[in-house]
Amino acid sequence: MALFTSNGVSDLLIFISVLLAVIVAYFNYAYRYWAKKGFPFLAPKFPMGNSPALFTNTIHVAQETVHYYEKIKEMGLKFAGVYLITRPVLVVVDPDYIRDILSKDFQHFIDRGVYHNEKDDPISAHLFALDESRWKNIRTKLTPTFTSGKIKMMVGSIVKCSEYMIEAINKCAGERRDIDIKEYLARFTTDVIGVCAFGINCNSFDDTEAEFRHIGTKIFEPDNFIKVLKLILVAKLPQLCKKLGFVMTRKDVSTFFHEVIGKTVRYRKENNVYRPDFLQLLIELKDKSKGTAEEFTMDQLVAQVFVFFIAGFDTSSTTMNFAIYELCRNPQVQEKAREEIDKVLQRYHGEITYEGLAEMEYLQQIIDGKSQRLYPPLVNLSRVCTKDYTLRGTNLVVEKGTQVFIPLVALHRDPDHYPDPEKFDPDRFSPEHKGSRHPYVHLPFGEGPRNCIGLRFGLMQAKIGLVAILRKFRLKISPSTKMPLHLHPNHLLLKSVETLYKIPPWPYSRPAEFLIYSSSYPFCWPSSWRILTTPTDTGRKGGFPFLPPKFPMGNRPALFTKTIFVALETVSYYEKIKAMGLKFAGVYLMTSPVLVVIDPDYIRDILSKDFQHFIDRGVYYNEKDDPISAHLFALDESRWKNIRIKLTPTFTSGKIKMMFGSIVKCSDYMIEAINKCAGERRDIDIKEYLARFTTDVIGLCAFGINCNSFEDTEGEFRDMGTRTFEPESFIKVLKLLLVSQSPKLCKKLGFVMTRKDVSTFFHEVVRKTVRYREEHNVYRPDFLQLLIEVKDKSKGTAEEFTMDQLVAQVFLFFIAGFDTSSTTINFAIYELCRNPHIQEKGEGGDQQGVAEQIIDESQRLYPPLVNLSRVCTKDYTVRGTNLVVEKGTQVFIPLVALHRDPDHYPDPEKFDPDRFSPERKKPRHPYVHLPFGEGPRNCIGLRFGLMQAKIGLVAILRKFRLKISPSTKMPLHLHPDYLILKSVETLYVTAENI
């Protein structure tokens with residue numbers, strides 16, 4: 001039998017299928033490693049294992065390792081395996097095992113597993129990266145270089161650098177200008193490194209384009225796709241990469257350091273120059289080793305200076321930045337620190353000295369207590385097993401070559417070690433508090449023989465910088481700061497996306513009071529800060545402004561990884577477009593151009609005024625092979641108009657009123673079940689109870705079937721609802737991508753998006769129910785009955801309403817009512833529990849009116865759809881411009897971002913139902929609250945959905961007072977695996993009878 005056919009498309013599909021099968025088989029084999037070794041592990045997902053954000057830059061690596069840590073602790077484990085793509089990594093969370101790895105059994109875990117190539121990239125062979133014997137040799141040589149006496153030599157040079165910084169800050173204070181404190185601190189550390197490592201006076205405050213500052217920025221530039229790919233290759237195949245000559249250091253960076261250091265060393269030797277700096281110590285070391293078996297070469301010298309530079313350039317400035325941020329937020333701590341500084345400096349005649357710094361214990365507690373605990377210089381400690389190792393107290397063997405992660409960010413934020421971990425409390429690091437804690441739960445510089453050799457220098461530099469600022473200035477955060485800050489996903493160190501402003505410095509007797517901007521925020525993660533790009537930074541093509549895409553995912557990096565919810569991606573688009581001063585801009589979903597519109601007037605044009613240009617939603621359906629998918633929500637233009645006209649009379653107020661009694665009956669079942677839990681003082685999974693309620697409503701109102709899901713928890717309707725809304729798998733995401741990119745081809749190939757068992761169930765149940773009613777002349781006041789009447793009336797007409805179309809509309813009614821209404825009530829209850837004064841208001845008086853405002857506000861914060869999507873059906877010129885939206889272009893309206901825009905809703909995160917009182921609704925633009933869409937293609941069932949939600953909410957509030965149970969893990973996070981808003985955590989409540 002021939003392997004290939006005469007059809008080229010078929011051959012390509014066969015080849016792709018075989019290739020995918022081989023890849024999947026390999027991944028499945030790799031994902032059995034931890035199970036075969038007997039280790040507990042976190043279940044991986046194809047193809048990224050447990051590191052879904054690796055290529056996408058959607059979340060920081062720190063957040064991934066926090067996720068590992070929390071999962072492992074939830075499982076009651078002390079360690080567990082994970083997979084970085086297919087590479088097995090052991091994550092250790094228990095302090096005793098951490099001590100074993102870093103100290104007690106260090107001889108088994110000497111290496112860090114950092115790629116270096118001494119032959120082709122000698123600058124990469126520095127102390128941080130070197131393996132075993134090479135590391136021991138260099139460490140032994142360098143240890144004398146970092147003694148207290150040698151570091152003390154450099155105090156004067158660092159103090160001199162701090163004076164340049166103080167002069168620059170003082171100038172801003174006089175002019176009342178905002179200060180990017182992170183930038184100022186980075187200039188300070190650049191000057192320190194220039195003087196202490198190279199003997200060069202940079203003064204970056206005079207020369208802001210200085211080479212050292214520029215090179216430092218290049219080293220820490222965000223990781224792009226190619227760099228991430230290279231990191232994966234060198235991690236998976238380091239020996240092969242060395243043979244192939246893989247180089248990770250930028251050529252211009254490497255050349256700069258080799259030239260500058262070589263030139264400086266030659267100058268000092270030729271002119272017999274001596275300076276009290278790190279370079280001088282290395283020159284002496286090099287000279288002493290000449291002619292020995294382990295000579296310290298010029299390449300090795302350059303490599304150590306390079307690591308000194310990269311370690312000191314960014315980490316120390318970040319440490320100071322976080323400290324200053326917290327001191328601004330806690331002025332009483334700032335004053336206490338200043339008092340200590342003044343007191344100590346008086347003893348040393350106003351001079352900053354090595355001995356004086358050692359006496360500033362409270363300042364050290366500040367650095368330990370927030371900066372280095374919550375924002376450690378490294379987010380993970382990494383070790384590689386250098387010889388097989390049996391974990392203490394087990395028979396589990398860690399094989400040679402296995403990488404081990406210790407997630408520092410999560411360890412430092414663990415409430416078991418640090419109660420109320422987000423609180424800034426320097427007293428945690430007072431001697432008495434430190435003594436009562438396990439010594440291996442605070443590891444900002446690592447621990448054991450391979451800890452950071454330069455930790456004393458780094459701390460001294462940070463202390464001098466803070467002392468210099470605090471003795472002269474009183475600091476406050478500027479209102480210009482956009483809060484909260486979010487961790488930048490493109491950096492390996494902790495950095496925030498936003499710039500944290502702290503206002504113009506303000507001269508104020510002594511010390512000067514001023515406001516600065518920096519970049520740190522407790523939960524959302526801080527660090528270096530960048531100003532948002534302006535419209536001039538964006539590219540333009542065809543006249544449209546757009547957000548620059550990144551290969552290969554365009555502007556949607558999380559498409560395959562599901563590391564962040566799609567709502568958060570569109571919020572990102574919205575915020576960037578607003579920051580650029582635009583009303584719309586283009587983005588790319590891979591290669592598909594999408595227009596994102598954020599201005600309410602343009603939104604009204606698209607949804608209503610110029611609706612004839614934007615009739616379609618762009619939802620894939622296949623009426624031939626998957627007739628259940630051809631429902632009102634998905635249909636295009638003429639097909640949609642025909643069905644909408646037929647169904648509109650079905651959703652009049654009178655028809656919906658017919659179903660009121662049925663919904664109330666369903667709420668009685670729910671109240672009875674909640675009442676039972678209240679009597680037994682049991683926690684209630686309120687989302688589950690609400691889902692059962694809406695299942696009963698849909699069963700009764702759509703099918704005339706009394707489900708009573710509170711008695712039959714395994715009922716078929718409940719099961720089918722769960723299957724319909726199951727998390728998006730990799731294969732499903734791939735199919736979604738294909739149908740969005742090539743819908744016509746997918747229809748020809750017979751692509752089906754509905755699960756077969758779900759489709760079969762609905763076809764059988766609906767047909768069986770219709771036959772029964774027709775044969776027995778049964779009439780019920782429900783949605784199905786109304787559709788049967790539409791079907792009967794259309795018989796014999798040109799636009800007959802077929803049985804397949806009837807089933808499709810019932811299916812849509814089911815999926816729209818099953819999950820969205822229960823989610824709306826669930827989030828309303830969540831907010832009412834967090835705001836008991838509003839809950840009390842809902843329990844009395846005008847319950848229907850209050851309930852409506854509560855639901856409106858819930859749907860503002862948690863809309864049923866996160867985006868409204870439209871497709872341009874004929875070329876359209878954007879009002880007031882000459883820009884033409886071409887036929888076929890998709891348009892997004894980001895609802896979550898629109899509904900949380902402070903320009904429309906001041907203090908947008910606050911739950912405030914009074915926003916929707918008649919007097920407050922009236923002055924607002926009508927197109928900034930669109931939970932059900934707007935215009936001719938709004939949700940046809942919105943009145944039914946609201947009635948169902950109000951009945952459910954009123955039924956609960958009139959009978960019970962609700963509180964969030966301590967069993968609920970707070971805060972709630974959006975689930976990345978669903979297309980509608982769901983929380984990862986389960987909301988448990990307790991109910992008390994009123």
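The values are calculated or read from the model by the stated rules, or taken from the named source; none is laboratory data. In this text, all values refer to a predicted model and were calculated from it rather than measured experimentally. A quick note on method: Cβ atoms are made from the backbone with ideal geometry, for glycine too, and the neighbour counts reach across all protein chains shown. Each accessible area value is taken on the protein alone, full model and side chains, heavy atoms only, with ligands, DNA and RNA left out. Shrake-Rupley method; radii C 1.70, N 1.55, O 1.52, S 1.80 Å.
Structure above, values below:
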| quantity | calculated |
| --- | --- |
| Sequence ranges 358-366, 17-25, ranked by mean other-Cβ count within 10 angstrom, highest first | 358-366, 17-25 |
| Ranking by accessible area, most exposed first, for Thr140, Thr650 with a 1.4 Å probe | Thr140, Thr650 |
| In Å², nearest 10: area of His116 left accessible to a 1.4 Å probe | 20 Å² |
| Given charges at beta-carbon only (K, R positive; D, E negative), |dipole| of the chain in Debye | 1100 debye |
| ³J(HN,Hα) computed for each position of region 963-974 - Karplus, 6.51 cos²θ - 1.76 cosθ + 1.60, integer Hz, glycine/proline x | 9, 6, 6, x, 5, 6, 7, 9, x, 6, 10, 5 |
| Options Leu391, Leu378, Ile464, ranked by Cα towards positive dipole end of region 368-477, top entry (Cβ charges) | Ile464 |
| HN-Hα J in Hz across region 625-633 - Karplus 6.51, -1.76, 1.60, θ = phi - 60°, x for Gly and Pro | 8, 9, x, 5, 7, 8, 9, 4, 5 |
| Whole-number accessible area per residue in Å² for region 865-948, which is evaluated in the context of all protein chains at 1.4 Å | 46 Å² |
| Largest to smallest accessible area among Asp277, Asp178 [probe 1.4 Å] | Asp178, Asp277 |
| Arg682 accessible area, assembled protein chains, probe 1.4 Å, Å² | 100 Å² |
| Reported label for calculated P(r) over Cα pairs in 10 Å bins from 0, in percent given [x] 2, 9, 12, 14, 17, 20, 17, 7, 1, 0; [y] 2, 10, 17, 21, 20, 15, 9, 5, 2, 0, 0, 0; [z] 2, 11, 20, 24, 20, 13, 6, 3, 1, 0, 0, 0 | [y] |
| Simple spin-label estimate for Glu919 and Lys171 in nanometres, 7 Å along Cα-Cβ | 5.3 nm |
| Mean-position separation - Cα centroids, region 253-315 and region 587-625, in angstrom | 61 Å |
| Under the span-like rule (Cα at least 18 Å along the axis, Kyte-Doolittle mean at least 0.5), DSSP H helices of the chain | 8-30, 181-198, 298-329, 455-470, 686-703, 803-818, 942-957 |
| Cα-Cα over 22 Å, subset of Lys687/Lys768; Lys263/Lys286; Lys550/Lys576 | Lys687/Lys768 |
| The chain - percent of accessible surface contributed by carbon and sulfur, probe 1.4 Å | 56 percent |
| Per residue accessible area of region 563-688, 1.4 Å probe, in Å² | 41 Å² |
| Residues of region 218-339: accessible area per residue with a 1.4 Å probe, Å² | 48 Å² |
